[in-house]
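Heads up: the structure comes next, in C-alpha cells.
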Amino acid sequence: MAGGILLSLRQKETILILNVLNHIFTLFGNLSRYFQTEDHDLSNLVLFTESTITSLENLDSFQECVEKTDKIVSTLKESGEHVNEKENIKKSVKSMLLQYVNKLCQNLRTRFNPKAMNYLKCYKLFTKQTSTSTSGPAINYNAYIEELPISADNKSALLLELPVFRRWIDNMKVTSLQDVMMEVITGASEIFPAFSTLAVKLLVAPVGTASVERSFSNLNRILTNAVG
C-alpha cells in the first residue's frame, strides 16, 4: 500500500492536483482566519468574500499551479527521481478539478446570501474616520447613504441624523466597529434612533439559512484542521 501511495505521489498529475488543493485550502484558510480575528472590520466582509470567490474562479486555467508543478518536477528529476508524466495533464486536471472549484464558488455564494451581503455595506456608516485617519480617502456619507439597499424613508431618517452623528462618532473613545455600534444602541438610541435601529439590524443580520450555516461550519472545521 505504501508503495502504491509513493508511486502516486510521483505522478505529475498528482503533484498538480495537490498544488491546486493547496491553493484552495490557502484561500479558505485566509477567509477562516479573517472571521476568527476578534477585531476584524465587518465593513470589509463583502470585499473579502468576493475577492476569495474571484480568486477561486481565476483557477479555471490552473496556470500558476501548472508552472509550480513544472518546477517541482524539474527539481525531482535533477535529484534523480523518476516522475511519470502524462501528455494531456492540463486537460486531465481541468476535467477533474474544474467542477470541484465551481462547486466551491457556488457554495460560497449560497453561504453568503447576496442580498444580505449587499445590506452589510451599511457597516461603513459606523466606521470612525477623523481628519487624521489613515484608513483611506474620506467617505461622502450623503452619497453613500443614497446608494445603500434600504428604503427611501430609512435613507431620509439617516440623512437627517447624519451631520450630528458623524461628529459624535468621530469623537468617541472606542475604536472597534462593534464597540461603536453597541455604544450607539445602548447610549444614544434616543438621540440617533435611525442609526440605532440600523445597528441592531446589522448585528443580528443572518448571511445564510440555518441549514447552510451548519454545512459551512462543518466544512470550516475540516478546512481549519487541514491548513493547521
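The values are calculated or read from the model by the stated rules, or taken from the named source; none is laboratory data. Nothing here was measured: the structure is a model prediction, and the numbers come from that model. Here Cβ is always computed from backbone atoms with ideal geometry, including for glycine, and neighbour counts include all displayed protein chains.
For region 1-100, the helices (runs of 4 or more DSSP H) that sit wholly inside it and include 1 or more residues that are modelled with pLDDT of 70 or more and closer than 30 Å to residue 148 by Cβ are 12-36, 45-57. Cβ-Cβ contacts under 7 Å between residues 6 or more apart (or on different chains), taken from a first residue in region 151-180 that is under 15 Å from residue 201 (Cα atoms) to a second residue that is among the charged types (D, E, K, R) and not in a helix (DSSP H, G or I), are listed as 177/41; 180/128.
Here region 150-173 is the region considered, the condition is being loosely packed, with under 11 Cβ neighbours inside 10 Å and assigned to a loop (DSSP other than H, G, I, E, B), and the residue that is modelled with the lowest pLDDT is 173. Taking interchain pairs and intrachain pairs at least six residues apart, which have beta carbon atoms under 6 angstrom, with the first residue in region 190-216 and under 20 Å from residue 155 (Cα atoms) and the second modelled with pLDDT of 85 or more and aromatic (Phe, Trp, Tyr)? These pairs meet every condition: 192/165; 195/165.
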